[in-house]
Every structure is written in C-alpha cells, then in structure tokens.
Amino acid sequence: MFEANFPFVIFIVVYVFQVLFSTWLEGINLKHLQRYGNRIPEFFEGFIDAARLSDMNTYTRSKTRLEMAETFFTEAVLLVLILSGFITSLENDFSRWQLPFAIAGPLFFLLPAAILYVVALPFSFCRSFVIEKKYGFHRSSPRMWILDQIKSGIISIVIFSFLLILILWLMHIAPAMWWFWGFLAVSTVQILLALLYPVLIAPLFNKFEPLQDLELAETIRTLMDQNGIRVKNILQMDAGKRSSHTNAYFTGFGRTKQIVLFDTLIESHPREEILAVLAHEAGHYQRRHIIKQIAIFEIFMFTGFYLTYHLMNWPALYAAFGFQSMLPYAGLFIVGIFWQKAGFFLQPFYMAVSRHFERQADAFATGFLQTAVPLITALKRMAKDNLSNLAPHPLYVWFHYSHPPLVRRITLLEETERDITAQQEKTGKDRTLKP
C-alpha cells in the first residue's frame, strides 16, 4: 500500500519531470536541426554536398525519434513496475522465503532489469538492423549481434551482482560506515576494471593485433615518446566487422596502457589525420584530463554514497512505496533510481568540464604539430563518414555534448591555424609535421 508522503511525491515529480524534460530536449534539438540544418556550414563547403547533408540530417532524425520512443516506453514500464506493486511483491516474497541477501539483493535488481531489457530489445534491434544498416554502418550478422547481447549481459550481471553483494555485506557488518567503505570498494573495482578491460574484456568482442602499418606504428610511437607517454602496444581492432563508424582511443593504465585504432579509421583517413587524432589524445594525457575527470567523478560518487546512507535510514521512504520493512536492497533500489533521474540535471556541469578539456587537447595537438590542418580535415571526414549532426541546439549541447559542436570546434581550430601561420611567417619557420 503506497503512502503519498513527502519522499513519494518528490520521487514521482523528479522521475516524471526528468523523462518529460529529456524528451522535450530531444524534440527541440530536432526542430533546431530542421530550421538551421539545411545549409552547408562554411567550413564544410566543398567537403560535403547537399545529398550528404540530407543523409546526415535524416540519420540524426531517425536515431533521435527511435531513442525518444525507447526512452519514453522503457521509463513508463519501469514506473509501472514500481507503482503497480511489482517490486513490493518481490520484497514480500523474498522475505517470506527467507532468501539470504546475497541472492535476494541481486534478484531484486535483476528481475526488473530483465523486464526492461526485453522491452528495449526490439528498439536495439531496429537501431542496428534498420537505421544503422540503412545508412551503411551496420555490418554485424544476426548471430554476432545475439552473441554480443549474451556476452555483454553476462559480464554486466557478474560485475553488478558482485558489487551489490559487496555493498550489502558492508551494510551488514558496518551499518554506520558502510557508505564510506562502499565508496572505497566501488572505486577500487572501477580501477581494476580499467586495468583489466583491455586484456580480459575487450578481446571477448573484437580481435586486436599489432598495427600492420609498421611505418605508421613507429611514427605513432615517436609521437608518444615526444610527449612522455609509454605505450605497451599500438593495436588495430577489427571494428569493421560490426560497423563502419571510425574511432581511435587510449585504454588501460600503467603497464596495460595501449593505443587502439579502428581498422575503419586506418582505411578511411590518411596518415597525417590519424597522427593528429592521436596528438589530441596525447593532449588529454599531458593535461591529466583522465585523472581530473576521475577525481570529479569520485567526488560526486562519495557525496552520493553519503546521501544515500542517510536516505536509506529514512523510514518514510520505505512506507512511501509500501515496503513492510527497511530492507537495504529495497531502499537502495528506490534511491538508485532517484539519483539516476536527479543526476541528469548535473550533466551540464560534467559536460562543460569535458568540452573544456577537449578544447585544451585540440590546442595541445595543434601546438605540438605546429598546424591545425590535419585535425580539421580529420574532424570533417569523421563528421561526413559518421553522419554527424552539424546543427545541434545549444541547450542540447549543454546537456549531452562531451565535445564542442563540430562547427564551433572547427571555428576555434581555424582561428588557431591563422595564429600559427602568422607566427611562422613572423619567425620564418617551416611548417613541418613533427612526427
């Protein structure tokens, strides 16, 4: 029996408002694209034509509409599971069966998650085999897609269940300080996963092998050495067997640190553009952006654990949703959903920091290479190949863009290029790519 008390009202208001606001945000982004996205930006003239721009806009609209439908539908199902008494009946059944917390806790989370997964599965299939395939991105077979779903599901269940059981155990043995020890435990597991991902998890999905272009590999290693970055491996990944999207990234820490290039990136970009992309990544390393982002995340997580501890000691929270007792996993479930919705409104802060870091990495890359041209052309090519949205709404950028919008980003790089050119003309230096 629900009790329309203060925590219940706050939960429902935040939940519904976040879903409606997020949907509205997607909608105004589409309207902004329709109004301003039909003209080729100045920097892209001669690089894309009207037909390609039309494909870029249509692709964005198709993806967004599907995501809006998926979000609205799955969020409605989750709210129904909560308000219909489904989770309350689970708590009653587990208590009646006297299940140990190591079984009851994970099941209490995983059963609703399984329902939501089944609900979202048709949307995922449509995204891959209808939209992505229509625009030439999706290359995976149905068998591979199913195997990916199974493998990623098993990995997620194992990691989540381990963390949840660990937190529930800490609640049992240290009820007054579990939030602190839980924070330390989750942080430790995150670091371990970052270390183990490139050697244990990623190979379950893709084949990684040394970069076959030995000259490019040597140039990359020189570039990294000049920036004080010791990399264990420079690898290429068979991303093309699933998608034609392009990318490159650093992964791992310490001895497991390695550079991974998508084979699609190697195929579609000339060498100087690949080097520019990696110089940008080197900029993140040099500016210690990863450490700073981890520090910011840890502060938020520490605060979240502390507030969760106090909320879970609030009897009115359990009474609001009809729970007969203050079982830790029931309280954690409700508070977790609340933080997920409330945390959405903290995204502008995190995204603003991320965009600032991206601008710094761009500035580092152009300064190191003494030219912004290869990075500019790489970004243009990625936008063209990946059918990026060239006219996002500013408010949408505020909430969702970890990188500056492409037009703004290229504008800044063009300004940097003019400054570099003026400085080189003044000093009489040659424009040479350092690596």
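All of the numbers you see were taken from the coordinates with simple rules; none came from a lab. This is a predicted model, so every value here is computed, not measured. Cβ coordinates were reconstructed from backbone atoms using ideal geometry, including for glycine residues, and neighbour counts include every protein chain displayed.
Rounded to the nearest 10 degrees, the inclination of helix 289-312 to the longest alpha-carbon principal axis of the chain is 10 degrees. Sequence-distant contacts, meaning Cα pairs under 8 Å at least 6 residues apart, place the relative contact order of the chain at 23 percent.
Between residue 20 and residue 288, the FRET efficiency from the beta-carbon distance, with R0 = 35 Å, is close to 0.35. Please give the Cα centre distance for segment 314-334 versus segment 393-421, rounded to the nearest Å. So the separation of the two Cα centres works out to 46 Å. Select one label from (1) 22.7; (2) 20.5; (3) 44.3: the one whose number is mean projected area of the Cα convex hull in nm² as derived from the coordinates shown. Here the calculated entry is (1). For residue 237, the residues 5 or more places off, or on other chains, whose built amide H falls under 5 Å of its own are 261, 262, 263.
Bridges between two residues of the chain, per DSSP, are antiparallel at a rate of about 55%. Using the average count of surrounding beta-carbon atoms within 10 Å as a protection proxy, the listed peptides 331-337, 100-106 rank, highest first, as 331-337, 100-106. Reducing segment 114-167 and segment 29-93 to their Cα centroids gives an inter-centroid distance of 18 Å. Across segment 328-335, coupling constants 3J(HN,Hα) worked out from phi with the 6.51/-1.76/1.60 Karplus curve, θ = phi - 60°, read x, 5, 5, x, 5, 5, 5, 5 Hz, and Gly and Pro carry x. Per-residue 3J(HN,Hα) values for segment 263-273, derived from phi via the Karplus relation 6.51 cos²θ - 1.76 cosθ + 1.60 with θ = phi - 60°, read 4, 5, 5, 4, 6, 9, 10, x, 4, 5, 6 Hz in sequence order (x marks Gly and Pro). Spatially, segment 7-25 and segment 340-372 are offset by 28 Å when compared through their Cα centroids. Across segment 140-145, coupling constants 3J(HN,Hα) worked out from phi with the 6.51/-1.76/1.60 Karplus curve, θ = phi - 60°, read 6, 7, x, 5, 5, 4 Hz, and Gly and Pro carry x. Relative to the longest principal axis of the Cα atoms of the chain, the long axis of helix 214-226 makes an angle of roughly 80 degrees.
Can you show me the helix-derived [θ] at 222 nm for the chain, built from DSSP H runs with n ≥ 4 at -39,500 (n - 2.57) apiece and divided by the number of residues, rounded to the nearest 500. Walk me through the numbers before you get to the answer.
Working: 16 runs with 301 residues, N = 435.
Helix contribution divided over all residues of the chain: -23500 deg cm²/dmol.
Taking all Cα pairs closer than 8 Å and separated by 6 or more residues, the relative contact order of segment 6-203 comes to 18 percent.
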